[in-house]
Every structure is written in structure tokens, then in C-alpha cells.
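As C-alpha cells, the structure follows; a few thoughts come after it.
The values are calculated or read from the model by the stated rules, or taken from the named source; none is laboratory data. As the structure is a prediction and not an experimental result, all values here were calculated from the model. FYI the Cβ positions are ideal-geometry reconstructions off the backbone, even for glycines, and counts take in every protein chain you see. Heavy atoms of the whole protein, side chains included, go into the accessibility calculation; ligands, DNA and RNA do not. Shrake-Rupley method; radii C 1.70, N 1.55, O 1.52, S 1.80 Å.
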Amino acid sequence: MVFEIKARDAAGRLGKFSTPHGTITTPALLPVINPNKLLISPQELQQQFGIEILITNSYIIYKDSNLHQHALENGLHHLLNFSGPIMTDSGAFQSYVYGSVSIDPLEIVRFQHDIGSDIGTILDIFSKPDQTKGEARAAVQETIKRAKMSVSEKKEMLLALPIQGALYPDLRTLCAQKMSQLDAGVFPIGGVVPLMEGQRYADLVHVILAAKQGLDPSKPVHLFGAGHPLLFPLAVALGCDLFDSASYAKFAQDNRLLFSWGTEHLSNLTELPCSCPICSKYSVEELLQETPMSRTQLLAKHNLYVCQAEIRHIRTAITRGNLWELVEQRAIQNPYLFNAVHQLKKTSYFKWLEQQESITKDAALKYSGTFTIYQPLLRRLNHRLLTHYTPPSQNALILPPTQSPYFKRYQNEIQAILQKDPTTTILMNSPMGPVPLELDEMYPYAQSEFPENPDGETRLITKKFIQKFIKHHHFNEINLIDVLLKHNDLTNIITLLDIRRVAAVADMQFGKGYGKILLQPPVEILKSKKTGKIRRVLSKNHHVLSMRAQDGLFTLKIAGGTALHKNCSPPFLRVVVDDEASPFVQEGKSVFSKFVVSCDPNLRPYDECLIVDQNDTLLAVGRCLLTAQEMQSFTVGVAVKTREHISV
Ligand code: GUN
Ligand code: ZN
């Protein structure tokens, strides 16, 4: 089994998952196939809908003597006439629906293996949301026991080990930790169908996050029974990679159409608000005139088109780095989902979500509602303004909010005040919170789109934070009107501002005081002739940092890495590689996850880092592609892209 992350945003992953019958792209939707009633043929699913992987129920096949015999003799792929990967479920859901199933837990695992399933599932115990803690604990214990026994029976088949635990976060996390110690191929989150049926999405958020916090991040996570596109963006943002859908068929049977914003009954529509091939060809009246069988088929197709489009929407958002924006847009369209997204404001989730969040993104940070200010990236920045940022002095001029780029409108005033007192701290009271002048080109301050007047909650949060920030740094506010407008000796002011900018951005990126370490005199700042923006920073005649034009953040050069390495002790900024990998890194090759021995737990995706051997000898500098936990868990794929190595 190989699962590799190709791109990421929030806790969402765009990945490649290899199975014996081929590699699929995640996030992915697995349509549920009932071998007794094929609504849409597997070939059509593959060719018309771009479906790469199916899921079917091995218990149904096992119980039906014809299907049983066919599957054993010719294999599952022959039975379904599908050459791609097929996942099988075990009958645990039937057990929940009908009270029990008459099958041995190991027998059904062996059967899944014998019919050639790519990913089999153990016969877990479905833990219902209304269970007492004792009942839920018993379900978890029995599920873990079965998982341990099943692993010995699975042979080369990938095995899905579901995470149960009802609504008890500690049980979910414990179950996830225990399952992570076993040879799993996939981790489904189980027992959540009643939550989805009851639109209890806020509870679902707690369940997913509790499970994710205990899971080995190097395996894909499946959300069992999630087939409504409404849920996909949020579930992916929280780290789910796979979904299975019987909903496309079930809803179609009830004449209901799935949409990214919810569900609509055909009889309540006068027109079809969709441009899929079905809705483009048929009108509501025409659909109503079809036979029930044909209508179900047509609506099922619409439902799948919508689901697949939403999956593509999510993958695009992950690549661009605006998945939170998509989540928030969807939440505005559905009150239950709105409740769910707003659970994420809780400070108890911030730590984990922040660890998953990249340092920078391709897309600008766009305001999309009251949740935007709570996005992990903005909360991290505000936190770093207290812990990483050092103001030039306690005299602070706080400028009223304006559109970004924030300081352009106040250029003359800023120059004048800095001439009077060059140490003045200049801050913009932006809708995102305080932005020091030195940081106004750094992501996301310059790459953001906020309205001048956001909602009341955002304004209140920002106001409270600026008060906290002023108190924390003991600022004396000074008044703009006191400033004399004089314009001489501008070059000195600009140089001073540049040095302040370099030091402040470096501190925000690496930590308080690290700007100073990197800026040992003599310092030279080279700018782009075209844009006037900082490009390269030299210290003691060595190129230590380069500033990226697109996000105003630094890339670390080997001379900068050497200075940081000398001045701060492990594990700070380090990714430690196995001795076997050192020679490759010394040639400039990237670091594969399997060679990462340990790393600084504070490294985030896209952070700059120091690549060292096990004796803490600096080998190279590079850019992390994964979270600290992922770098240490994955056995495939690149963990750090090496930027510059020490010549040996
Ligand atoms: N399908 C929907 N929910 C579940 C679950 O909790 N376990 C299994 N095995 N299948 C499911
Ligand atoms: Zn449609």
C-alpha cells in the first residue's frame, strides 16, 4: 500500500493511493454497488463519471449462493465487471440495521481476501451515537480485538480498520491510536451514518477530529457512509480522504436530487438548477413523465455528476490553497453545516488544526464570512505577533483601516513620522488584526481580500486582539496629528525600513530574535529594479535569505542555514535524516519521508528547515512539504525539498 501526499491545504490532502488494481487520486468518492441491482454499470461509472474505485458489500455476496460461487470462482472484479480497485465492506452496517448478522468475523475477512478484494473491511461493531460510555467502550474493545485477529488473516489484502467510539472523543482517539499500531491499509471512521441522517454535522466534526488526533497520518481516512456532497469540503478540510456513497442511488429512488448546498425534491422544482448532462437534456416535466426505473437512473446520474464535480472543486481548492474558503461558502448555504464549521472556533481544536496548516498558499486569503478570522493561519499569525514579533519601540502609531496594500495610502505620513523618530512602531488596524509596517508584504497581509467593514463578530475579535497586542507590547499610542510633514533624507528612512522588514519577517517565520542572528553586519539588501521589492539579503557578504515575490516570505540560503544552525540547538528547525540518506542530501537530492529520523515538532508544511545528519551536522537547507508528524510517519514520498546543500 502506498499513500502519498501531492498537495495539501487545511488538514486536507490531495493524494495518490496505490492498490493492487491501480492507483487512485484522493479525495475520492467510492460509489456503492449492489451486485443484485446495478443502477449504473461499473464501465459507465468509470468512463462517464471518472470513478476510479468502487465499494461493494461482501456480506451480500457471501449470503447469496450464486454471487458467492461466482465471486469465489472468477473473482470479485469479474463479478462486477470492473478492472479498477474495489473495496468491500463486511456486514457491520447490516448488523447495525438488522440487529445482528450471522457471520464469523474472521470468515468474512478470509472471504474478502479469497474473492480478490483490494481493500477488505473487518467486521467491526457499529457504535451508535446514543450509546452509554460503557457500551461504546465495549464496542471499541471488541472492534480492536477483531482488528488484531483479522490482520493475521488478511494476507496481501489491504485492510480497513474502522474507528468506533460513539460520541466519546477519548474513546475515538484511543481507538484510533490502537488501530494505528496495526497493519492497516485504510482507517474508516465508523458509526456516523445516524449523525449524517440527523444532520448532526457539529457532532460529526467532534468525531472526525477526535479520531484524526489519534491516527497515523500516513494512511488514508475514509468517512463511512458519507455520500452527500454538502459534507465533502468540510470533511476533507478535517483530513478525510475517501467517501462512499449509496446516497446517489437512495436519494434518486425517492426522487431527490443532491446539490452542493443540500437536497431538493424533484416535485418542488420548476427548473433544474444544474448543468450536468442529465439536467441539460431533460426538464422537470420530462423527468416526471419517465418510468420510475428510468427516472431513478437519471436522477442517480445527476447525483453522481454533482458529487464528482464537488470532489473536483475540492481538489482544485487544495491545490490553490483556498479550501477553508470553500468550506465557509458551503456553510453559509446550510444552517446545520454552519453549526458544524463554527465548532472549529473552539480553542481546543486550534492546536491540531494549526499543526496541519501550511505557512503559505498560492491563493489570496479571501474573507468569506465570520469563520475567516478563525482560520488557523490567521490565528497563528496573531499568536506570532505576540510571541515572535519585536516592535522597534513602544511608541506606536496606529493607522485606521484601509484597503490592502495597507501602507500605500499613508506613505507620506509614514516617511514623515519616521524622520521625526525612526524607531516608531507603525501599525495598521486592519480587518484581519494589527499589521506592523514591516510585515505588510508578507503572506497573507498583502495577499488578502477583506471588506473594509466585515461582520460584527470579526470586528469584535479584531478589536479585542489589537487591545491585547497593545497591552502585551506596552505600546504608548502616538497621534498622527503631532507629526511634522518633512521630506528630507528619504534614503536613510527607506534603508531603515528595509532592515526592519527583513528582521520582522524572519522573526515571524523562524522565531523571536532569529532575524538578528541572520542579520550580522555588514548587511546588504538587494532589491528588484522592476518592483522595488526586496529580493536578496546578504550578511557578512554572504547571501543568507531570498524574499519570494509572491508571498513576501523568505527562502533560506545555505549561509543563512549555517548561521541559524550555529546559533540554536536541536531540535530547532531541524529535520534529522538517516545516515543512509546523508550522501544523497549532500548531492542535493530531496529527503524522502522514510529517511526522516526525527524533526522539530514546530515545523509546518512549507516551512524552511535545516537538514542535518544524526550527529547534527548540517547537510543542506530545504522546504518541508509535510507536517512534522507526517514527515515522521510516512514511508513513501518526499518530506523535504532540498534547496541548497553544503558542498563536500
Ligand atoms: N457503513 C456505514 N457505517 C459503517 C461502520 O461503522 N462500519 C462498517 N463496517 N460499515 C459501515
Ligand atoms: Zn444535474
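With respect to M442, is the statement that it is touching a residue at least 12 places away in the same chain (Cβ under 8 Å) and out of contact with any Gly (no Cβ under 6 Å at 6 or more places or on another chain) true? Before you say what the answer is, go through the steps one by one.
Numbers: touching a residue at least 12 places away in the same chain (Cβ under 8 Å): yes; out of contact with any Gly (no Cβ under 6 Å at 6 or more places or on another chain): no.
For M442, the condition - touching a residue at least 12 places away in the same chain (Cβ under 8 Å) and out of contact with any Gly (no Cβ under 6 Å at 6 or more places or on another chain) - is not met.
Restricting to the stretch 31-78, count the residues that are of a type in the set (D, E) and either outside the structural domain of Q297 (by TED's automatic domain parsing) or surrounded by 15 or more Cβ atoms within 10 Å (Cβ to Cβ) (or both).
Step one: filter the stretch 31-78 for residues of a type in the set (D, E), giving 44, 52, 64, 73.
If we keep only those that are either outside the structural domain of Q297 (by TED's automatic domain parsing) or surrounded by 15 or more Cβ atoms within 10 Å (Cβ to Cβ) (or both) as well, we get 52.
Within the stretch 31-78, residues that are of a type in the set (D, E) and either outside the structural domain of Q297 (by TED's automatic domain parsing) or surrounded by 15 or more Cβ atoms within 10 Å (Cβ to Cβ) (or both) number 1.
Which members of the stretch 602-626 meet the condition of being in a loop (DSSP other than H, G, I, E, B) and either buried (at least 21 other Cβ atoms within 10 Å of the Cβ) or in contact (Cβ under 8 Å) with a residue 60 or more places away in the chain (or both)?
Those that are in a loop (DSSP other than H, G, I, E, B) and either buried (at least 21 other Cβ atoms within 10 Å of the Cβ) or in contact (Cβ under 8 Å) with a residue 60 or more places away in the chain (or both): L603, R604, P605, Y606, D607, L625, L626.
Looking at the stretch 299-314, I want the residues that are over 14 Å from P31 (Cα atoms) and have a partner that is of a type in the set (V, I, T) and within 9 Å of ligand 2 (Cβ to nearest atom) with Cβ atoms under 8 Å, at least 6 apart or on another chain. Which pairs are those?
Every condition considered, the pairs that remain are L299/I278.
Failed condition for L272, given (1) in contact with a Cys (Cβ under 6 Å, 6 or more places away or on another chain); (2) more than 9 Å from ligand 2 (Cβ to nearest atom), with all others met?
For L272, the failing item is (2).
Please specify each residue of the stretch 112-133 satisfying the condition of being within 16 Å of ligand 1 (Cβ to nearest atom) and among the polar types (S, T, N, Q).
Result: Q112, S117, T121, S127, Q131.
Do we find a residue being buried (at least 21 other Cβ atoms within 10 Å of the Cβ), of a type in the set (V, I, T), assigned to a strand (DSSP E or B) and modelled with pLDDT of 95 or more anywhere in the stretch 540-559?
For the stretch 540-559, residues buried (at least 21 other Cβ atoms within 10 Å of the Cβ), of a type in the set (V, I, T), assigned to a strand (DSSP E or B) and modelled with pLDDT of 95 or more: present.
Matching residues to (1) touching a helix residue (DSSP H, G or I) at 6+ places or on another chain (Cβ under 6 Å); (2) of a type in the set (S, T, Y):
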position: T263; (1), (2): no, yes
position: L288; (1), (2): no, no
position: P292; (1), (2): no, no
position: C307; (1), (2): yes, no
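Picking from A147, A92, A136, which residue would you name as being in contact with a Phe, Trp or Tyr (Cβ under 9 Å, 6 or more places away or on another chain), touching a residue at least 24 places away in the same chain (Cβ under 8 Å) and more than 10 Å from ligand 1 (Cβ to nearest atom)?
Working: A147 fails: in contact with a Phe, Trp or Tyr (Cβ under 9 Å, 6 or more places away or on another chain); A92 fails: more than 10 Å from ligand 1 (Cβ to nearest atom).
The conditions single out A136.
Could you pull out the residue among V2, V32 that is closer than 16 Å to I119 by Cβ and modelled with pLDDT under 95?
Values: V32 fails: modelled with pLDDT under 95.
When all the criteria are applied, what remains is V2.
Please return the ranges of strands (runs of 3 or more DSSP E) entirely within the stretch 195-284 where 2 or more residues are more than 16 Å from ligand 1 (Cβ to nearest atom) and either open to solvent by 10 Å² or more (accessible area, probe 1.4 Å) or out of contact with any strand residue (DSSP E or B) (no Cβ under 9 Å at 6 or more places or on another chain) (or both).
Filter on the stretch 195-284 gives 256-259, 262-265.
Go through the stretch 295-320 and give me each residue that's small (G, A, S) and within 16 Å of ligand 2 (Cβ to nearest atom).
A300, A309
Taking the stretch 59-99 as the region of interest, how many residues are of a type in the set (F, W, Y), in a helix (DSSP H, G or I) and touching a His at 6+ places or on another chain (Cβ under 9 Å)? Can you show your working first?
First pass over the stretch 59-99, keeping only residues of a type in the set (F, W, Y): 59, 62, 82, 93, 96, 98.
Restricting the remaining residues to those that are in a helix (DSSP H, G or I) gives 59, 62, 93, 96, 98.
Retained after the next criterion (residues that are touching a His at 6+ places or on another chain (Cβ under 9 Å)): 62.
Final tally of qualifying residues: 1.
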